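Asks: Below is a structure I'd like to ask you about.
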Amino acid sequence: METLSARIKAHEGLRLKPYLDTEGHLTIGYGRCLDKIGISHAEAELLLKADIARAIDDFYRLPIPIIQNCNANRRRILCEMIFNLGLHGVLGFQKMLSAIERGNYNEAAVQMVDSRWAEQVGIRAKLMAQTMREG
């Protein structure tokens, strides 16, 4: 099996971002054809765990006063936003972050729902804003 793996790696090469193969199929990794094979439930769960870990790590890159002013529920909300938008996207919510820094969670919630992101995710933003407001 190791020889087969080594041969496939040598011939396919590793691509960590999706690309179109020579036949125009969306492919990733060592030749995984996403539009034919996709990913398994177990692979999706593995990706989810890695993406959540990345979001949690990025949460701790926020300014310290924001981190300190968030209880566990508010931390989860910001981590979910980072998961969805990326750290750079969340850093764009300057009014929300400023409100959190001041401990004004009602204003933070208002800023969450008054955004293009809220229009895109719909009820999810309202539920998350409610948690931000109530803690």
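The values are calculated or read from the model by the stated rules, or taken from the named source; none is laboratory data. Please read these numbers as outputs of a predicted model, since none were measured by experiment. Here Cβ is always computed from backbone atoms with ideal geometry, including for glycine, and neighbour counts include all displayed protein chains. Protein only, heavy atoms only, side chains kept; ligands, DNA and RNA dropped before computing areas. Shrake-Rupley method; radii C 1.70, N 1.55, O 1.52, S 1.80 Å.
Asks: Being open to solvent by 60 Å² or more (accessible area, probe 1.4 Å) and either free of Cβ contacts under 8 Å to residues at least 60 places away in the same chain or under 18 Å from Ala55 (Cβ atoms) (or both) is the requirement here; does Gln130 meet it?
Replies: For Gln130, the condition - open to solvent by 60 Å² or more (accessible area, probe 1.4 Å) and either free of Cβ contacts under 8 Å to residues at least 60 places away in the same chain or under 18 Å from Ala55 (Cβ atoms) (or both) - is met.
Asks: Moving on. Which pairs have Cβ atoms under 8 Å, sit 6 or more apart or on different chains, and link a residue in segment 59-75 that is within 15 Å of Arg133 (Cβ to Cβ) to one that is at pLDDT 95 or above and polar (S, T, N, Q)?
Replies: Asn73/Thr131; Arg74/Thr131
Asks: Modelled with pLDDT of 95 or more, in a helix (DSSP H, G or I) and either under 30 Å from Ser5 (Cα atoms) or not charged (D, E, K, R) (or both) - does that describe any residue in segment 21-37?
Replies: No; the residues of segment 21-37 include none that is modelled with pLDDT of 95 or more, in a helix (DSSP H, G or I) and either under 30 Å from Ser5 (Cα atoms) or not charged (D, E, K, R) (or both).
Asks: Which condition number does Glu80 fail, the rest of (1) touching a Lys or Arg at 6+ places or on another chain (Cβ under 9 Å); (2) within 30 Å of Asn104 (Cβ to Cβ); (3) open to solvent by less than 60 Å² (accessible area, probe 1.4 Å); (4) not basic (Lys, Arg) being met?
Replies: (3)
Asks: Cβ-Cβ below 7 Å, separation at least six or inter-chain, first residue in segment 35-53 and at positive phi, second assigned to a helix (DSSP H, G or I) and loosely packed, with under 11 Cβ neighbours inside 10 Å: which pairs?
Replies: No pair meets every condition.
Asks: Could you run through segment 74-115 and say how many residues are farther than 23 Å from Ala50 by Cβ and not charged (D, E, K, R)?
Replies: 19
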